[in-house]
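Enquirer: Attaching a single structure in structure tokens format; questions to follow.
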Amino acid sequence: MSTPIRVAGFLAAIGAIFGIALLVGQVVGPVDDEPAGTHDTAHGDEEAAEGEHGGGHGDGSPAEPTSQEVPGGLMVSQNGYTLGLAEPGSRAGQDRPVAFTITGPDGKPVTSYDVEHEKELHLIAVRRDFSGFQHVHPVLDETSGVWSIDLDLTPGTWRLFADFKPAGADALTLGTDLAVDGDYRPAGPSTENRTAKVDDYEVTLDGDLTAGSDAKLTLSVARDGQPVTDLQPYLGAYGHLVALRGGDLAYLHVHPDGEPDDGTTKPGPEVVFYAAVPTAGTYHLYLDFQHDGVVRTAAFTVDAGGVATPGDDGPFDASPPAEHGGHAGH
């Protein structure tokens, strides 16, 4: 057989084989290395997870958390605002200067704030073992936008919370860490404590925290065993209560039921608060009250009941009660 004939026969055979393969492919369908549905399901799960945490952008990147998804004080930046320390560390001691700025969405220091509870900004400082609590009010340099205040600092890592409302924007609480050098000596382990003594005052806490629901907390102030019935207004109230979650120090600012001179609220001995916490676990409560011209702080440790999230003292659940948005009383 001649060479041209052999080549023609070979090509005809290849064509026949290709035709058979094409026919089989049309009947059976495409071959996929993954089991049917695996690829699409995986992406569906990711999209569902993004939806649970605030959704995602059209390009598949996760959406930036909103103020309703993250409890107060856990973030250094939120809604375009950023808390920035002038110095990330400090030396231990009394009256140590601390300075910071709040920059806005335009990248410039914010210099205009709305007054909330008689102040433009409330600063909470507490060491990460929940000792050394301070509620102070820095001074703003309106030209530079720098806030400054003196704090009493012991060695260790401190958490600073800036509670403020930029003019024309929503109220925020931003948090950042401050490292204080020196010989760190941690406080002892926390145990439940519903009675606090400060100077010659005794403050008792009645009421139970329950995850996901409002709780009525009654704090009663006594001095030398006698009820105090002439508490003085402090920042427009007879008391201020701050709650910090054990583990992540998520922040919840609570204010009392009623206010001075409203015709029904008495100046002691009881100060009533309504607080909502998003998860079960340990909470550290700090009550500021004023009497005889002096502001004092009573500290408590309580456990919130309810369904615990994985790790009782781990991070807050990402969904605080919608009514409070992680920031009660504002």
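FYI, it's all coordinate maths here, none of it is from the lab. These numbers were taken from a predicted model, which means no experiment stands behind them. Ideal geometry is used to build each Cβ from the backbone, glycine not excepted, and the neighbour counts take in all protein chains shown.
Enquirer: Pull up all non-local amide H partners of GLY246: gap of 5 or more, or a different chain, and H-to-H distance under 5 Å with H placed in the peptide plane.
Expert: Here the answer is THR282, TYR283, HIS284, since their amide H atoms fall under 5 Å of that of GLY246.
Enquirer: Using 0.36 nm per residue, how much length does the chain from SER77 to GLU142 gain when fully extended, once their Cα-Cα distance is taken away?
Expert: Here the segment from SER77 to GLU142 would lengthen by 21.3 nm.
Enquirer: Separate question: With the Cα gyration tensor of segment 77-180 giving a ≥ b ≥ c as the square roots of its eigenvalues, does the rule (a/c under 1.5 for rounded; else a/b larger than b/c for prolate; else oblate) give rounded, prolate or oblate?
Expert: prolate
Enquirer: Next up: Given R₀ = 30 Å, what would the calculated FRET efficiency be for VAL115 paired with ALA179, taking r from the Cβ atoms and rounding to 0.05?
Expert: 0.40
Enquirer: Put a dot 7 Å past each Cα toward the Cβ at ASP257 and ASP150; how far apart are the dots in nm?
Expert: Reported label-point gap for ASP150 and ASP257 is 4.1 nm.
Enquirer: If Lys and Arg each add +1 and Asp and Glu each add -1, what is the summed charge of the other residues whose beta carbon sits under 11 Å from the beta carbon of THR265? Don't skip to the answer; put the middle values down first.
Expert: Working: positive: LYS266; negative: ASP257, GLU259, ASP261, ASP262, GLU270.
Charge balance near THR265 sits at -4.
Enquirer: Follow-up question, since we're still on this one. Contour minus end-to-end for TYR274 and ASP170, with contour as 0.36 nm per residue of separation and end-to-end as the Cα-Cα distance?
Expert: Values: separation 104, 0.36 × 104 = 37.44 nm, distance 2.16 nm.
Extending this stretch completely gives an extra 35.3 nm.
Enquirer: Sticking with this structure for a sec: With each label point set 7 Å from Cα along the Cα-Cβ vector, what nm distance links VAL294 and ASP95?
Expert: Result: 1.9 nm between the two label points.
Enquirer: In Å, what Rg and Dmax follow from the Cα atoms of segment 195-304?
Expert: Spelled out, the Cα radius of gyration and Dmax of segment 195-304 are 13.5, 40 Å.
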